[in-house]
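The values are calculated or read from the model by the stated rules, or taken from the named source; none is laboratory data. Keep in mind the model is a prediction, meaning the values are calculated, not measured. Cβ placement follows ideal geometry from the backbone for every residue including glycine, while neighbour counts extend to all protein chains displayed. What goes into the accessible areas is simple: the full protein's heavy atoms, side chains included, and nothing from ligands, DNA or RNA. Shrake-Rupley method; radii C 1.70, N 1.55, O 1.52, S 1.80 Å.
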Amino acid sequence: MALIKDQQLSLSHAATPHIRFADWLDDDLVISDAVLTNGADDLACLLANANKLSVIAIEFETFADGRGFSMARMLRRDGYQGEIRAVGDVAMDRIEFMHRVGFNAFELREDQDALQALAKLGEVSVHFQPSADGKGPAYMR
Amino acid sequence: MYAYNQFDQTLVDQRVDQYRDQTRRYLAGEIPEAEFRVLRLMNGLYIQRLAPMLRVAIPYGLMKSDQLRTLAQISRTYDKGYGHFTTRQNMQFNWPTLESVPDILADLAKVQMHAIQTSGACIRNTTTDPFAGVSADEIEDTRPWCEMIRQWSTLHPEFAYLPRKFKIAVSGSSSDRAASQVHDIGLHLYHNEQGEMGFEVLVGGGLGRTPVIGKTVRKFLEPQELLSYLDAVLRVYNLNGRRDNKYKARIKILVNAVGIDAFAEMVEAEWQFTKGKDLRLPTAEIERVKGFFKPPNYLSVENAQSSLKAEMAAHPQFAKWYKQNTRDHKQPGYRIVVVALKNQLQAPGDVSHQQMDGIASLADQFSFAELRSTHDQNLVLADVAQRDLLSLWLKLTDLGMARANIGTLTDMINCPGLDFCSLANAETLILSRQINETFDDMDYQYELGEIQLKISGCINACGHHHVGHIGILGVEKGGKQVYQFTLGGSASNDASLGKTLGRSIDQDQVVVVIGQILDVYVQQRKTDETFLQTVRRIGFAPFKERVYGTHQRSAA
Ligand code: HEM
Ligand code: SF4
């Protein structure tokens, strides 16, 4: 599995978090600082617990499920500084937008070429709106 | 109008390259079909029954003459020499090849145009009043605000994979010509009691399978916070809209499920995080954008006027056209001219490349090189001096675009239906042909006054049939194409959804039934009463009696 992290190809990295956020929350015996979540989880609860986590993997069951974009954006807005990793149906044609909203790690789908994907970051270099990447809207330049 | 700077141009150019690469990878088998579908839709490319269809964005319907010439050129080079103006003020090409689309987009980029977000589950082209900035009844020019929304929503990283498409319309006049109450968000610019300018925000309107009139989610929004508020609505929708069923995924379903008050609270809660921050529009930015929409160099009244009365007396057809197809202008000595794309020979909204070139020249000559498309599929030359009207009319007549039928029965809206659309249940273009043949007496149409006839080929309602004074919906029953009539809809200030008249009607009886409905109106109307007013006053019974009472022509 290829992982792009902090705009580089990452060869040594932690495996995909396998503990679901809901289980982590329910069971005090589950000790981990990495969880797997998706749009079905309670977002307010995730935000409230984010400071206890160092990796939050947001799962895209299908690429069309755009909830993960807002989740990442809100985590960053709340000041979360750990890793936000996109997992599941993750392809090169979406990682630029994912990057802009706050994802900093991408576990690419198997058919994806990691180097080709890396080149997609910054394919469109100008932005009209502020986002989690700190780049201001056009009028603030 | 707005002109791109280096920044806008870079974005559009890079987007063309990005799409070119996506097309190349798709053709090389590197992008799965289902995924490319979504990528191409975000660039306005549908695959239709006969060929792909490309939808080009005309932001809030405003174009320069050069842009229209480019559209004409594209239709010659890549299509069959014509284009189609849609009900969301865009242009569609029905016959480009998938392979040629990157080249078309590159041609568009040269004249500051694109097809970004003209389709797909994202924020679509913002639409507005085609008379913005010129209409006599205007409260505030909507175009700068539409432009600010266009910029904010373009390639928005967070809102590209919404539950469903999202459409915003802005109105700034006492009469709503933007159908703002049937959009996901409708914005009304107005002055409150303190005399401050702001937006009333409506949410959850829409047509399609479940037609709904929008509800007020915020009575008054300070204009500087327009984007932060939209951002909050979109985030609430993105996180909470249904994704399990595409027919229940529009924001209207969410708003109805939680109730407008609870929805407003959700938005307010989210807005607290973004209000007053980086999405707050600086006054300097508002002024900068407004600067693009300053009035042109109008002639003085004395120079703009002519002996209109004498001209009308000499040309009775011109007089009819003046009355029917021109509107009051803010600027004394000027008129707004609606150019009808509703002649007898072409489908509503269709325009040939010769007509596009012709109209572009007329815009250069008579209307400061700008023009607009309307949501009822016509064009507008917004700033014509009175002294030029007669020459303009003569030239429009040569182009076959001077039919004096704006606002009448034959100024109908029509979706492409079975001729082009893979979702259609029934043909629609054949109906517009039949209607044009049957009701070709213009004097009869003037007699009838304002009638909005809107036709859709299936429940998706691209032809807005729910808000037609007379709506016609194509349905399929037992392998036969039949048509359901609705009466009493409206998309204006008094927005309402039409109600079904009764059993469906066979294709060859549609014009007969329209005739019967009109007969009832003519018999029952009071002086000066419009069709819609009569329907609202007398109810459905007399119409039902006439259409179904004595005849057995229903299609079961
Ligand atoms: C020919 C290919 C077309 C296809 C496949 C198509 C498909 C659709 C679908 C599926 C919907 C329903 C969306 C929903 O309910 O969420 C829809 C709605 C709509 N379409 Fe089309 N359409 C086509 C052409 C057009 C054309 C030519 C126009 C304009 C003349 C148009 C204007 C609209 C409008 C205004 C709606 C409004 C419904 C709403 O937003 O609530 N479409 N279309
Ligand atoms: S209303 Fe139906 S038939 Fe008409 S264009 Fe839309 S989807 Fe096609």
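Would you mind getting the Kirkwood hydrodynamic radius of the protein assembly as shown from its Cα pairs, rounded to one decimal in Å? Write out the running numbers ahead of the final one.
Details: mean 1/r = 0.0374 Å⁻¹.
Roughly 26.8 Å, rounded to one decimal.
Sort B:33-46, B:144-157 for me by packing, meaning the mean count of neighbouring Cβ atoms within 10 Å per residue, highest on top. Don't skip to the answer; put the middle values down first.
Working: B:33-46: 19.8, B:144-157: 23.5.
The most tightly packed comes first, giving B:144-157, B:33-46.
What average count of beta carbons from other chains do you get within 10 Å of the Cβ of residues in B:435-445? Please report the intermediate quantities before stating the final value.
Working: counts 0, 0, 0, 0, 0, 0, 0, 0, 0, 0, 0.
The mean count of partner-chain Cβ atoms within 10 Å per residue comes to 0.
Computed over the Cα atoms, what is the radius of gyration of the range B:6-110 divided by 2.2 N^0.38 Å, N being its residue count?
Details: Rg = 13.6 Å, N = 105, 2.2 N^0.38 = 12.9 Å.
After normalising by residue count via 2.2 N^0.38 Å, the value is 1.05.
Provide the three semi-axes, in whole Å and in decreasing order, of the ellipsoid equivalent to the range B:14-58 as defined by the square roots of 5 times the Cα gyration tensor eigenvalues. Don't skip to the answer; put the middle values down first.
Details: eigenvalues 58, 44, 14 Å².
That gives 17, 15, 8 Å for the three semi-axes.
Write down the percent of antiparallel bridges among all DSSP beta bridges whose residues are both part of the range B:413-549, to the nearest 5.
Working: 13 of 19 bridges.
Antiparallel bridges: around 70 percent, rounded to the nearest 5.
Please state the Cα pair-distance histogram of chain B with 20 angstrom bins from zero: what percent is in each bin?
Pair shares across the bins are 21, 57, 22, 0.
Can you figure out the FRET efficiency of A:ALA119 with A:GLU61, using R₀ = 22 Å and their beta-carbon distance, to the nearest 0.05? Don't jump to the answer; show the numbers that get you there.
On the way: r = 26 Å, r/R0 = 1.20.
That pair, A:ALA119 with A:GLU61, gives E of 0.25.
Net charge near B:LEU27: determine it from the other residues with C-beta under 13 Å of the C-beta of B:LEU27, scoring Lys and Arg +1 and Asp and Glu -1.
Working: positive: B:ARG20, B:ARG24, B:ARG25, B:ARG40; negative: B:ASP21, B:GLU30, B:GLU33, B:GLU99.
Taking every other residue near B:LEU27 into account, the sum is 0.
After finding the eigenvalues of the alpha carbon gyration tensor for the range B:413-549, what semi-axes result from the square roots of 5 times each, listed largest first in whole Å? Present the calculation step by step, with values, prior to reporting the outcome.
Numbers: eigenvalues 111, 47, 44 Å².
Over the Cα atoms of the range B:413-549, the semi-axes work out to 24, 15, 15 Å.
Between B:VAL522 and A:GLU110, what is the spin-label point distance in nm, taking each point 7 Å from the Cα along the Cα→C-beta axis?
7.1 nm
Counting only protein heavy atoms, what percent of the accessible surface of chain A is carbon or sulfur at a 1.4 Å probe?
Values: 3150 of 6260 Å².
The C+S portion of the solvent-accessible surface of chain A is 50 percent.
I want to verify the translational diffusion coefficient of the range B:301-399 in µm²/s; compute it with Stokes-Einstein, Rh as the Kirkwood radius over Cα pairs, at 37 °C and 0.692 mPa s. Don't skip to the end; give the middle numbers.
On the way: Rh = 13.8 Å.
Approximately 238 µm²/s, per Stokes-Einstein.
Run the 1.4 Å probe and let me know the accessible area of B:SER300, rounded to the nearest 10 Å².
Rounded to the nearest 10, the figure is 50 Å².
When Cβ neighbours within 10 Å are restricted to other protein chains, what is their mean count per residue of peptide A:120-131?
Details: counts 2, 0, 1, 5, 10, 3, 10, 7, 11, 13, 7, 4.
For peptide A:120-131, the averaged partner shielding equals 6.
Compute the FRET efficiency between B:GLU193 and B:GLN272 as 1/(1 + (r/R0)^6), taking r as their Cβ-Cβ distance and R0 = 22 Å, and round to the nearest 0.05.
Details: r = 26 Å, r/R0 = 1.16.
It comes out at approximately 0.30.
Once label points are set 7 Å from the Cα along Cα→Cβ at both A:ALA40 and B:GLU222, what is their separation, rounded to one decimal in nm?
According to this spin-label approximation, the distance is 4.2 nm.
Among the listed pairs B:LYS454/B:LYS544; B:LYS480/B:LYS544; B:LYS110/B:LYS290; A:LYS120/B:LYS167; B:LYS165/B:LYS480; B:LYS395/B:LYS454, which have their C-alpha atoms separated by more than 21 angstrom in this model?
Working: B:LYS454/B:LYS544 19 Å; B:LYS480/B:LYS544 23 Å; B:LYS110/B:LYS290 24 Å; A:LYS120/B:LYS167 29 Å; B:LYS165/B:LYS480 31 Å; B:LYS395/B:LYS454 29 Å.
B:LYS480/B:LYS544; B:LYS110/B:LYS290; A:LYS120/B:LYS167; B:LYS165/B:LYS480; B:LYS395/B:LYS454, as the Cα separations exceed 21 Å there.
Once the whole set of protein chains is in place, how much accessible area is left on B:CYS421, using a 1.4 Å probe, in Å² to the nearest 10?
30 Å²
Can you give me the Cα centroid spacing of the range B:281-311 and the range B:49-105 in angstrom?
Going from one Cα centre to the other spans 29 Å.
So what J values fall out for the range A:66-80 if you push phi through Karplus, 6.51 cos²θ - 1.76 cosθ + 1.60 with θ = phi - 60°, rounded to Hz, Gly and Pro as x?
Once θ is set to phi - 60°, the couplings for the range A:66-80 become x, 4, x, 5, 6, 4, 4, 4, 6, 4, 5, 4, 6, x, 5 Hz.
Could you work out how far apart the two model spin labels at B:ASP440 and B:LEU345 are, taking each label as a point 7 Å from the Cα in the direction of the beta carbon, and quote it in nm?
Between B:ASP440 and B:LEU345, the label points sit 1.3 nm apart.
Give the cross-link partners of B:LYS80 among the lysines, using a straight C-alpha distance below 18 Å as the criterion and excluding same-chain residues fewer than 8 apart.
Of all the lysines, none pass the test against B:LYS80 - Cα under 18 Å, at least 8 places apart if same chain.
Defining a contact as two alpha carbons under 8 Å apart and six or more residues distant in sequence, what relative contact order in percent does chain B show? Let's see the in-between values first.
Details: 1159 pairs, mean separation 67.0, N = 556.
This gives 12 percent for chain B.
Could you work out the relative contact order of chain A? I mean the mean sequence separation of Cα pairs under 8 Å and 6+ apart, divided by the number of residues, in percent. Walk me through the intermediate numbers first.
Numbers: 231 pairs, mean separation 33.6, N = 141.
Answer for chain A is 24 percent.
Take each of the peptides B:200-211, B:492-503, average the number of other beta-carbon atoms within 10 Å over its residues, and list them starting from the highest.
Details: B:200-211: 21.5, B:492-503: 16.5.
Most protected by this proxy first, the peptides run B:200-211, B:492-503.
If you average the alpha carbon positions of the range A:31-90 and of the range B:512-540, how far apart do those two centres end up, in angstrom?
Each part reduced to its Cα centre gives a spacing of 59 Å.
For every helix of n ≥ 4 consecutive DSSP H residues, a contribution of -39,500 (n - 2.57) applies; sum these over chain B, divide by its total residues, and give [θ] at 222 nm rounded to the nearest 500 deg cm²/dmol. The partial results should precede the final answer.
Working: 19 runs with 202 residues, N = 556.
Calculated mean residue ellipticity at 222 nm is -11000 deg cm²/dmol.
How far is the Cα center of the range B:441-508 from the Cα center of the range B:117-196, in Å?
Taking the Cα centre of each part, the range B:441-508 and the range B:117-196 sit 26 Å apart.
Using only atoms on other chains, find how many Cβ atoms lie within 10 Å of each Cβ of peptide B:158-170 and report the average.
Details: counts 16, 6, 5, 12, 5, 4, 0, 0, 0, 0, 0, 0, 0.
If you average over the peptide's residues, the count of other-chain Cβ atoms is 4.
Find the Cα radius of gyration of the range B:142-289, compare it with 2.2 N^0.38 Å by division, and give the number to two decimals. Can you show the working numbers first?
On the way: Rg = 14.7 Å, N = 148, 2.2 N^0.38 = 14.7 Å.
Dividing the Cα radius of gyration by 2.2 N^0.38 Å gives 1.00.
Give the Rg (one decimal place) followed by the Dmax (whole number) of chain A, computed from C-alpha coordinates and expressed in Å.
14.9, 50
How large is the Kirkwood hydrodynamic radius of the range B:236-291, in angstrom, based on all distinct alpha carbon pairs?
Answer for the range B:236-291: a Kirkwood hydrodynamic radius of 13.5 Å.
For the range B:301-399, report the accessible area per residue in Å² (1.4 Å probe, heavy atoms, rounded to an integer). Mind showing how you got there, number by number?
Numbers: 3930 Å² over 99 residues.
Value returned for the range B:301-399: 40 Å² of accessible area per residue.
Take the Cα atoms of the range B:95-227, find their three principal axes, and give me the spread along each one in whole Å, biggest first.
Largest to smallest, the principal-axis extents are 55, 34, 27 Å.
So how much slack lies between B:SER306 and B:LYS294, counting 0.36 nm per residue of separation and subtracting their Cα-Cα distance, in nm?
Details: separation 12, 0.36 × 12 = 4.32 nm, distance 2.54 nm.
Between B:SER306 and B:LYS294, full extension yields 1.8 nm more.
Could you check what % of the DSSP bridge pairs in the protein assembly as shown are antiparallel, to the nearest 5? Walk me through the intermediate numbers first.
Details: 58 of 84 bridges.
Taking every DSSP beta bridge with both residues in the protein assembly as shown, the antiparallel ones total about 70 percent.
Just to confirm my understanding: which cysteines in the protein assembly as shown have no other cysteine beta carbon less than 4.7 Å from their beta carbon?
A:CYS45, B:CYS122, B:CYS146, B:CYS421, B:CYS458 - these cysteines have no disulfide-compatible partner (Cβ-Cβ under 4.7 Å) in the protein assembly as shown.
B:ASN256 to B:ILE430: extension gain in nm, 0.36 nm per residue of separation minus the Cα-Cα distance?
Details: separation 174, 0.36 × 174 = 62.64 nm, distance 3.67 nm.
Contour length minus Cα-Cα distance gives 59.0 nm.
Report the antiparallel proportion of the DSSP beta bridges in chain A as a percent, rounded to a multiple of 5. It would help to have the intermediate numbers written out before the result.
Values: 6 of 19 bridges.
Of those bridges, close to 30 percent are antiparallel.
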